[in-house]
Amino acid sequence: QVQLMESGGGLVQAGGSLKLSCAASGSRFSINAMGWYRQAPGKQREFVAIITNLGNTDYAGSAKGRITISRDNAKNTLYLEMNSLKPEDTAVYCCAATSNSMKYWGKGTLVTVSI
């Protein structure tokens with residue numbers, strides 16, 4: 001079992017920056033890939049970024065150049081640094097972790113980008 005808890009969401013003006021964190025606990029030593037997903041109001045959840053336990057990363061097209069995913073294995077924490085935020089980035093951001101073929105989800109943190 002892996003427990004995930006996100007933090008760092010909030011209200012930010014367009015063009016601003018925000019850094020999200022996701023703390024992992026439980027069977028964290030078995031975690032392989034970790035990623036961020038988001039769900040905007042009235043829309044389906046979508047992929048944002050992913051990082052493997054080897055540090056390989058991949059991003060959604062809309063995130064490239066503005067968003068950086070990273071992880072600190074010593075602190076068991078996943079990060080998402082977001083710059084040049086746009087109103088369309090407004091969503092609940094959830095982190096996910098894959099461990100022993102199981103996928104675990106956090107409850108999410110709300111990011112609101114105002115005009």
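The values are calculated or read from the model by the stated rules, or taken from the named source; none is laboratory data. None of the values given here were measured: they were computed from a predicted structure. Cβ coordinates were reconstructed from backbone atoms using ideal geometry, including for glycine residues, and neighbour counts include every protein chain displayed. What goes into the accessible areas is simple: the full protein's heavy atoms, side chains included, and nothing from ligands, DNA or RNA. Shrake-Rupley method; radii C 1.70, N 1.55, O 1.52, S 1.80 Å.
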Loop trypsin sites (Lys or Arg not before Pro), region 1-59 (other Cβ atoms within 10 Å of the site Cβ: 16 or fewer; DSSP): Lys43, Arg45
State in Å² the accessible area per residue of the chain; use a 1.4 Å probe, count heavy atoms of protein chains only, and round to the nearest integer. 55 Å²
Run the numbers on region 6-47 and let me know its relative contact order in percent, using alpha-carbon pairs under 8 Å that are six or more apart. 26 percent
Farthest toward the dipole's positive end in the chain, which of Trp36, Tyr59, Gly16, given Cβ charges of +1 (Lys, Arg) and -1 (Asp, Glu) about the Cα centre? Trp36
Label points 7 Å out from Cα along the Cβ direction at Leu54 and Met5: separation in nm? 3.3 nm
Accessible area of region 15-115 with a 1.4 Å probe: how many percent of it is carbon plus sulfur? 50 percent
The chain: relative contact order in percent, alpha carbon pairs under 8 Å with at least 6 residues between: 37 percent
Debye, to nearest 20: dipole size of the chain, +1 on Lys, Arg Cβ, -1 on Asp, Glu Cβ: 100 debye
Between Leu20, Leu54, Leu78, where does the largest GNM mean-square fluctuation fall for the chain, given springs only between Cα atoms within less than 10 Å? Leu54
